[in-house]
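Report on the structure given below.
Read-outs throughout are calculated quantities, based only on the coordinates presented, and are distinct from any laboratory measurement. No experiment lies behind these values; they were computed from the predicted model shown. Cβ placement follows ideal geometry from the backbone for every residue including glycine, while neighbour counts extend to all protein chains displayed.
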Amino acid sequence: MLKIGGYEFSSRLLLGTGKYPDFDIQRKAVDVSGTEILTFSVRRMNIFEAGQPNFLENLDITKYTLLPNTAGAKTAEEAVRIAKLAKASGLCDMVKVEVIGCLKTLLPDPVETLKASEELVKEGFTVLPYTSDDVLLARRLEELGCHAIMPGASPIGSGQGIINPLNLSFIIEQCQVPVIVDAGIGTPSDAAIAMELGAAGVLLNTAVSGAKDPVKMAEAMKFSIEAGRLGFEAGRIPQKRYATASSPVEGMSFN
């Protein structure tokens, strides 16, 4: 069971709703993924601009917990304002804090992320900050009262997979709140590795929506996350330099 603040979920896959080829493929991918959490950019919603398309209109959103994010914010002030708009519209009090500091790499601004997260925790939000794989920054965010930490595996939408498994494992080891790997996942094996490291969940968007067959990829990700979690809970065998016989050889004669 994945527990984030006062919420509980059976699925450990969080799924983005943007960039699908069309609404029908989006709906099918969401259905087959088994996700219970849908994330989206508040700035892309038509709750304040009626002319914008409602990309959630083909989904039965009563079946899901919505996770609005503050994508597009460049400062803590902007991120807090966007989160408050989402809450005021009745979407959810859970928010993914995203404050981008570099437009080329789309890496988060650590200072502004800390500021926004601290303010939103004080305001009573369930706060999930998107961050780099900085071990100390993750600790500071948890100390502020964040309800989950969301380090990127690699740059957003890059599909490079987990480029720094050591730092990611350090973050997972030290955190008492869920660590949800966010950004850069490209394949089901990437997602499985994240879960095998002990991550509580994985957030995906481009890896599914940008696949040749998003529906099949959504199902593949579902199974890989489940398998990776089972593998983590089972406990892998130690890695050794030399071979170890699978069958005992004591007492056997080779004459």
Counting only DSSP beta bridges with both partners in the chain, the antiparallel fraction in percent, to the nearest 5, comes to 15
Scalar couplings 3J(HN,Hα) for segment 152-158 by Karplus 6.51 cos²θ - 1.76 cosθ + 1.60 (θ = phi - 60°), nearest whole Hz, x for Gly and Pro, are x, 7, 6, x, 3, x, 7
If each part is reduced to its alpha-carbon centroid, segment 127-156 and segment 80-107 end up apart, in Å, by 14
The extension gain from LYS74 to SER11, computed as 0.36 nm times the residue separation minus the Cα-Cα distance, is 19.6 nm
Residue by residue through segment 214-222, the couplings from Karplus 6.51 cos²θ - 1.76 cosθ + 1.60 with θ = phi - 60°, in Hz, x for Gly and Pro, are x, 5, 5, 5, 4, 5, 4, 5, 4
Over the chain, the sum of -39500 (n - 2.57) across DSSP H runs of at least four, divided by residue number and rounded to 500 deg cm²/dmol, gives at 222 nm -11000 deg cm²/dmol
GNM on the chain, Cα springs under 10 Å; top mean-square fluctuation among ASN167, ASN58, ASN205 goes to ASN58
Non-local residues with an amide H under 5 Å from the amide H of SER41, with H modelled 1.01 Å from N and Pro and chain starts lacking one, are ASN69
From the cross-link list LYS74/LYS104; LYS74/LYS115; LYS28/LYS87; LYS96/LYS216, the entries with a Cα-Cα span beyond 19 Å are LYS28/LYS87; LYS96/LYS216
Residue separation between ASN164 and MET1 times 0.36 nm, minus their alpha-carbon distance, gives in nm 56.0 nm
Taking placed amide H atoms and a strict 5 Å upper bound, the residues 5 or more places from VAL97 or on another chain that come that close are LEU128, TYR130
So ARG236 and LYS84, fully extended at 0.36 nm per residue minus their Cα-Cα distance, gain in nm 50.4 nm
Treating only Lys and Arg (+1) and Asp and Glu (-1) as charged, each at its beta carbon, one finds that segment 63-110 has a dipole about its Cα centre, in Debye to the nearest 20, of 140
Each label sits 7 Å from Cα toward the beta-carbon; between ASP213 and ASP134 the label points are separated, in nm, by 4.2
